[in-house]
Amino acid sequence: MTDDGRSKLAELEQRLARLAASMRASLPDRAKEIREAVARLGEDEASGRAAIRRLAHRLRGSAASFGAAMLTEPATSRSSRATRRRSP
């Protein structure tokens, strides 16, 4: 590998590390948003479910991008449950 190639690889690794750190730093806020959407289920179930589905989908995508399987499966499950209609 050339010096230029090593330099570009090092730059890419730094960018990926910053992205991963940013994703980890956003997790508490994302969890809070999901909890708030769950709390809204009693007020407006359709809106709450839509918010949960959207938030869980975003979390699942971010987690999958970084290989965070421990987040991917729970986010997928939450999104799927929010998609299903609640029985009367």
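A few remarks follow.
- R0 of 35 Å, Cβ-Cβ distance A10-V38: FRET efficiency to nearest 0.05: 0.25
- For the range 40-85, the percent of C-alpha pairs falling in each 10 Å distance bin, counted from 0 to the bin holding the largest distance, reads 33, 46, 18, 3.
- Comparing mean-square fluctuations of R30, R54, R18 from a GNM of the chain with C-alpha springs under 10 Å, the top value falls on R18.
- Between the beta carbons of A31 and T83, assuming R0 = 25 Å, the FRET efficiency works out to 0.80 to the nearest 0.05.
- For the chain, diffusion coefficient by Stokes-Einstein and Kirkwood Rh (Cα), 25 °C, 0.890 mPa s, µm²/s: 167 µm²/s
- For the range 42-56, 3J(HN,Hα) per residue [Karplus equation, 6.51 cos²θ - 1.76 cosθ + 1.60, θ = phi - 60°, Hz, x = Gly/Pro]: x, 7, 8, 4, 4, 5, x, 5, 4, 5, 4, 4, 5, 5, 5
Values in this text are rule-based calculations from the coordinates and carry no lab data. Predicted model only: the values in this text are computed from it and were never measured. A quick note on method: Cβ atoms are made from the backbone with ideal geometry, for glycine too, and the neighbour counts reach across all protein chains shown.
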